[in-house]
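Novice: First the structure, which I've put down as structure tokens, then a few questions once you've had a look.
The values are calculated or read from the model by the stated rules, or taken from the named source; none is laboratory data. Being a predicted model, the structure only gives us computed values, none of them experimental. Note that we place each Cβ from the backbone using ideal geometry, even for glycine, and neighbour counts take in every protein chain shown.
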Amino acid sequence: MTQAMGVNSLAQSITGWQQVYDQLTPGPFHGALNELLMGPVQLFMESSSRALVQTCKTWPQAVWFGVPVRPQQISHIEGTPIEADMVAVRSGHAEFQLTTPNDFGFFGVVVQTDTLQRYTAEEGGAELLSQALSRPVLKVTDAAIETFRWWLTQTLQTIAVMPDTLAPHALEHLLDDTLSRLGFLLTQQELQPRETVATQHARRVMQRVRDYVVAHNDQCVKVHDLCAQLGISRRALQDCFHKTMGCTPKAYLSAFGLNAARRALEQATPEQTTVSDIATRYGFWHLSQFAADYRRFFGELPSQTLRERRPLAHR
């Protein structure tokens, strides 16, 4: 079990992933990761105390399947809700975005594409895999996902407290069991929900929002800047945020800037950089207000973050 007190160290802790996490709700952050690598397969359970926007990219030439630990909590992938009977699915070809609520846990299963294709072909499920990869979420039967969730819980809990189970023969058995259970899950697909025109529009708008904010992260982007850039009304922009992220545009922009400044403070050298340097770099010109907002959001002053410098985890 890897404990990660900071949001940025948690983002960097999952082996082989490229990730940036932005904390959406204020308060000290606590996260944890329980991970197991088995050659072409990775199992993990990640937990986070605060709502996050996670920009993620899994292993190249691999497929990720994500299952919320508690089905009653709704998260989103690329603006699409991951409901109780759904599995999130993404390949390593491109990054994707997850939005998760407070006190959230996520199971992850990553399988190298060639391993997965070979296994499903042997079991006659190649077409099912192709169908699964065509959508951000896969709707399956309640019984199938509950069984899969229970198995993931038991497996990762057992490995965390019983390291002897990592013997080579046990890993080989677990690898086969993982592929078998994942293959069975693919056979339990139900009629997939159709994405509405409104949802498609909201997702496209949010992609443009993300691209614009990232490209202008050295500026203090305002809501009216987004509206002008996207050519939509403030009300329409708010509706898109509500559908896909569950927060307001103003809250998102504030969180994005504060998180970017925090990452820079964590990686800076105190003897060579000041809080003022970093604050102004990200468009915060009123330093006292920046310090107050930063403390409210992260539970400490920016000067404390700079002084304590938390090195990012090695993967």
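Novice: What is the residue count in the range 166-188 for residues that are under 18 Å from Ala126 (Cα atoms) and surrounded by 14 or more Cβ atoms within 10 Å (Cβ to Cβ)? Walk me through how you get there before you give the answer.
Specialist: Within the range 166-188, the subset under 18 Å from Ala126 (Cα atoms) is 176, 178-188.
Those still in the list that are surrounded by 14 or more Cβ atoms within 10 Å (Cβ to Cβ) too: 178-179, 181-188.
Matching residues across the range 166-188 total 10.
Novice: Considering every residue within the range 256-265, establish whether at least one is modelled with pLDDT of 90 or more and of a type in the set (Phe, Trp, Tyr).
Specialist: yes
Novice: Restricting the first residue to the range 244-269 and requiring it to be within 16 Å of Gln219 (Cα to Cα), which pairs with a second residue that is aromatic (Phe, Trp, Tyr) and assigned to a loop (DSSP other than H, G, I, E, B) meet a Cβ separation below 7 Å and a spacing of at least six or different chains?
Specialist: Every condition considered, the pairs that remain are Gly257/Tyr282; Gly257/Phe284; Ala260/Tyr282; Ala261/Tyr282; Ala261/Phe284.
Novice: Looking at this structure, is Phe241 in contact with a Ser or Thr (Cβ under 8 Å, 6 or more places away or on another chain), surrounded by 18 or more Cβ atoms within 10 Å (Cβ to Cβ) and hydrophobic (A, V, I, L, M, F, W, C)?
Specialist: So Phe241 fits the description; yes.
Novice: Please determine, by comparing only the residues of the range 200-252 that are in contact with a Lys or Arg (Cβ under 7 Å, 6 or more places away or on another chain) and not polar (S, T, N, Q), which one is farthest from Gln73 (Cα to Cα).
Specialist: Step by step, filter the range 200-252, then rank; the result is Asp218.
Novice: Shifting gears a bit: For the list (1) assigned to a loop (DSSP other than H, G, I, E, B); (2) within 23 Å of the chain's Cα centre (by Cα); (3) under 26 Å from Asn102 (Cβ atoms), I need the number of the one condition that Glu195 fails.
Specialist: Every listed condition holds for Glu195 apart from (3).
Novice: Still on this structure: Checking Glu271 against (1) part of a loop (DSSP other than H, G, I, E, B); (2) under 30 Å from Leu37 (Cα atoms), only one condition comes out false. Which one?
Specialist: For Glu271, the exception is condition (2).
Novice: Tally up the residues in the range 214-256 that are closer than 23 Å to Tyr294 by Cβ and touching a Gly at 6+ places or on another chain (Cβ under 9 Å), please.
Specialist: The number of residues fulfilling the criteria is 7.
Novice: While we're here: Which residue pairs have Cβ atoms closer than 8 Å, lie 6 or more positions apart in sequence or on different chains, and pair a first residue in the range 186-212 that is farther than 25 Å from Glu95 by Cβ with a second residue that is part of a loop (DSSP other than H, G, I, E, B)?
Specialist: From the range 186-212, the pairs are Thr187/Gly125; Gln188/Thr141; Glu190/Asp85; Glu190/Thr141.
Novice: Quick one: is Leu10 touching an Asp or Glu at 6+ places or on another chain (Cβ under 8 Å) and crowded, with 18+ Cβ neighbours inside 10 Å?
Specialist: Criteria met by Leu10.
Novice: Residue under question is Val214, and the condition is that it be exposed (fewer than 15 other Cβ atoms within 10 Å of the Cβ), modelled with pLDDT of 80 or more, in the same structural domain as Arg235 (by TED's automatic domain parsing) and of a type in the set (A, V, I, L, M, F, W, C); does it hold?
Specialist: Details: exposed (fewer than 15 other Cβ atoms within 10 Å of the Cβ): yes; modelled with pLDDT of 80 or more: yes; in the same structural domain as Arg235 (by TED's automatic domain parsing): yes; of a type in the set (A, V, I, L, M, F, W, C): yes.
The answer is yes for Val214.
Novice: If a residue must be over 24 Å from Ile159 (Cβ atoms) and surrounded by 21 or more Cβ atoms within 10 Å (Cβ to Cβ), how many such residues does the range 13-53 contain?
Specialist: Qualifying residue count, the range 13-53: 9.
Novice: Going through the range 256-276 one residue at a time, which ones are surrounded by fewer than 17 Cβ atoms within 10 Å (Cβ to Cβ) and either of a type outside the set (Asp, Glu) or closer than 21 Å to Ala11 by Cβ (or both)?
Specialist: Passing the criteria: Gln267, Thr269, Pro270, Gln272, Thr273, Thr274, Ser276.
Novice: Filter the range 80-117 down to residues that are farther than 25 Å from Leu156 by Cβ, buried (at least 16 other Cβ atoms within 10 Å of the Cβ) and among the hydrophobic types (A, V, I, L, M, F, W, C), then give me how many there are.
Specialist: Of the residues in the range 80-117, 0 are farther than 25 Å from Leu156 by Cβ, buried (at least 16 other Cβ atoms within 10 Å of the Cβ) and among the hydrophobic types (A, V, I, L, M, F, W, C).
Novice: With respect to the numbered conditions (1) assigned to a loop (DSSP other than H, G, I, E, B); (2) surrounded by fewer than 14 Cβ atoms within 10 Å (Cβ to Cβ), which one is the sole condition not fulfilled by Arg296?
Specialist: So Arg296 meets the others, but not (1).
Novice: Identify, please: which residue in the range 47-76 is among the polar types (S, T, N, Q) and under 12 Å from the mean Cα position of the chain (by Cα) and is, among those, nearest to Gln131 (Cα to Cα)?
Specialist: The qualifying residue nearest to Gln131 (Cα to Cα) is Thr58.
Novice: On the given criteria, is Thr120 surrounded by fewer than 18 Cβ atoms within 10 Å (Cβ to Cβ), closer than 16 Å to Leu186 by Cβ, of a type in the set (Val, Ile, Thr) and in the same structural domain as Leu175 (by TED's automatic domain parsing)?
Specialist: Considered against the rule, which asks whether it is surrounded by fewer than 18 Cβ atoms within 10 Å (Cβ to Cβ), closer than 16 Å to Leu186 by Cβ, of a type in the set (Val, Ile, Thr) and in the same structural domain as Leu175 (by TED's automatic domain parsing), Thr120 comes out as no.
Novice: Within the range 226-237, how many residues turn out to be in a helix (DSSP H, G or I), out of contact with any Cys (no Cβ under 7 Å at 6 or more places or on another chain) and surrounded by 16 or more Cβ atoms within 10 Å (Cβ to Cβ)?
Specialist: Result for the range 226-237: 3.
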